[in-house]
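Below: the structure, in structure tokens.
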Amino acid sequence: MHNTLQTHINKNLSFLNDGKILIAISGGIDSVVLTHLCHQLKLDITLAHCNFNLRGAESDADEASVVKLADKLNLEVFVERFDTQTFATDAKLSIQMAARELRYNWFNDLANQLKFDYILTAHHADDNLETFLINFTRGTGLEGLTGIPEVNGKFVRPLLPFSSQDIENYAAQNNITWRDDSSNKSVKYLRNKLRHQVIPVLKEINPSLLQSFQNTLNNLKETNHIVEDSVDAFLSKAIENIEGNEVRFKISEFKKLNNPKPYLYEALKEFGFTQWDDIVSLLDAETGKQVFSNTYRLIKNRAHLLLSKIDAEHHKSISVLKNEKQIETPFGILFFDEADAIFGKRTNVIYVDKSKLQFPLTIKKYEEGDVFYPLGMTGKKKVSKYFKDEKLSLLDKENTWLLYSGKDIVWVINRRADNRFRVTDSTKQIMKIELK
């Protein structure tokens, strides 16, 4: 296995030979064997161990064994202890997901702070099969069936070509000791249930299961490349523009397709959507119809689908005190200055009669039923009707803020001032309000 791994690294992962490497080590057989192999290959390695404090004395014994191994091999080791249960409860995550988030965040922090080039994990061929089956049973697209990536940013998994049996044989041949995690025997977790109850049956049916699986993965990856190329070519036509957190798709491009659903899936899968039939229905829905994920939404707006991040700041307001000269806002900086006269007309600048203002002013989003008196017009108009007349999309409406004096609108910011606060011949103090 030593020679095979060396050949594999030299051929496919040669960058590891000159890199500064952090090995994620649990104390179990896989990560311990990976550590021994990398040490024998004379790679520049340091160890990192997470103590999740979930198994009492067992967790502490795992930590002690890793420290002992580091001492034996004369390696530096970092250990971090987590209150995983509390983190899981606070973040509303399962224990497994909480532990995963904690360890990967810590590994990334270590790599960034101490300039490690790569982080090695001990995932192997059996782990790859388990991940495939998990994704398959839960439902996934083609990408979810292509297995664990061997290289993913800083994370590298050099043992993916090897089976758990290969690792066990190497450990036995080299008298390597390790710690068994008792939780790995529990079948209450899906991965363990697959490992102990499903995969042994599959291997009994096909003793060459892992090799057959690897061939399948290779075929799926090649097919996925074709899909990615096709989707990229389509999106280059379908995406009209990307601005900030908003992506604008042309519905007409999707409607040219015999089956738009897979293209919608590929375009939107990374944004957490799951209601694919509802998303397809948006293509023929009325303007304003929306579909939500936890963090994004997709809106039908005339000839477009608008993808945007959900605005958690939507209902917050900002106060402006009488003597404040500038205010930072989510949409820019507002400047408040006295002026001697009115100069030019720009949508980002208004001039008002300061004596008519009631401080503190308030900056916030409009509320249903709000009305104002548009400058240059006679009478009042509902803000919603103004938005409609201006043909603003739902996103444009929600990204428009208003400046209020008491309950009265002073300015639909960057769009239209209110006539009630205009400068007249009797105005004694002119205030210039500018958005930059």
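The values are calculated or read from the model by the stated rules, or taken from the named source; none is laboratory data. What you see is a predicted model, and the numbers here were worked out from it, not measured in a lab. Glycine gets a Cβ as well: all are built from the backbone with ideal geometry, and neighbour counts include every protein chain shown. We work out accessible area using only protein heavy atoms, side chains counted, and drop any ligands, DNA or RNA first. Shrake-Rupley method; radii C 1.70, N 1.55, O 1.52, S 1.80 Å.
One table, with the values for the structure above:
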item: Residue in the stretch 16-39 that is open to solvent by 20 Å² or more (accessible area, probe 1.4 Å), over 13 Å from His124 (Cβ atoms), assigned to a loop (DSSP other than H, G, I, E, B) and in contact with a helix residue (DSSP H, G or I) (Cβ under 8 Å, 6 or more places away or on another chain) present; result: yes
item: Filter pass, Asp62 being surrounded by 16 or more Cβ atoms within 10 Å (Cβ to Cβ), in a helix (DSSP H, G or I) and not hydroxyl-bearing (Ser, Thr, Tyr); result: yes
item: Scan of the stretch 288-329 for residues that are more than 21 Å from the chain's Cα centre (by Cα) and part of a loop (DSSP other than H, G, I, E, B), ordered by number; result: Gly288, Lys289, Arg302, Ala303, His315, Lys316, Ser317, Leu321, Lys322, Asn323, Glu324, Lys325
item: Filter result (outside any loop (DSSP other than H, G, I, E, B), open to solvent by less than 60 Å² (accessible area, probe 1.4 Å) and out of contact with any helix residue (DSSP H, G or I) (no Cβ under 9 Å at 6 or more places or on another chain)) within the stretch 48-59; result: Ser59
item: Condition met for Leu110 (open to solvent by 20 Å² or more (accessible area, probe 1.4 Å) and either touching a residue at least 12 places away in the same chain (Cβ under 8 Å) or not in a helix (DSSP H, G or I) (or both)); result: no
item: Search result, residues across the stretch 135-148 that are in a loop (DSSP other than H, G, I, E, B), loosely packed, with under 15 Cβ neighbours inside 10 Å and not hydroxyl-bearing (Ser, Thr, Tyr); result: Gly139, Gly141
item: Search result, residues across the stretch 67-100 that are within 21 Å of Lys42 (Cβ to Cβ), open to solvent by 60 Å² or more (accessible area, probe 1.4 Å) and in contact with a His (Cβ under 8 Å, 6 or more places away or on another chain); result: none
item: Residue list for the stretch 115-134, filter: of a type in the set (S, T, N, Q) and open to solvent by 20 Å² or more (accessible area, probe 1.4 Å); result: Thr131
item: Verdict on Gly376 being surrounded by fewer than 17 Cβ atoms within 10 Å (Cβ to Cβ), within 41 Å of the chain's Cα centre (by Cα) and either in a loop (DSSP other than H, G, I, E, B) or on the phi > 0 side of the Ramachandran plot (or both); result: no
item: Failed criterion for Thr295 (all others in (1) open to solvent by 90 Å² or more (accessible area, probe 1.4 Å); (2) over 27 Å from Pro374 (Cβ atoms); (3) in contact with a Gly (Cβ under 7 Å, 6 or more places away or on another chain) hold); result: (1)
item: Pairs, first among the aliphatic types (A, V, I, L, M) in the stretch 35-55, second open to solvent by 60 Å² or more (accessible area, probe 1.4 Å) and assigned to a helix (DSSP H, G or I), C-beta under 6 Å, six or more apart; result: Leu41/Gln6
item: Search result, residues across the stretch 164-193 that are basic (Lys, Arg), surrounded by 12 or more Cβ atoms within 10 Å (Cβ to Cβ) and not in a helix (DSSP H, G or I); result: Arg179
item: Residues of the stretch 127-150 that turn out to be of a type outside the set (Phe, Trp, Tyr) and touching a Leu at 6+ places or on another chain (Cβ under 7 Å), as a count; result: 12
item: Pairs with Cβ under 6 Å, 6+ apart, first in the stretch 81-97 and in a helix (DSSP H, G or I) and among the hydroxyl-bearing types (Ser, Thr, Tyr), second modelled with pLDDT of 90 or more and surrounded by fewer than 12 Cβ atoms within 10 Å (Cβ to Cβ); result: none
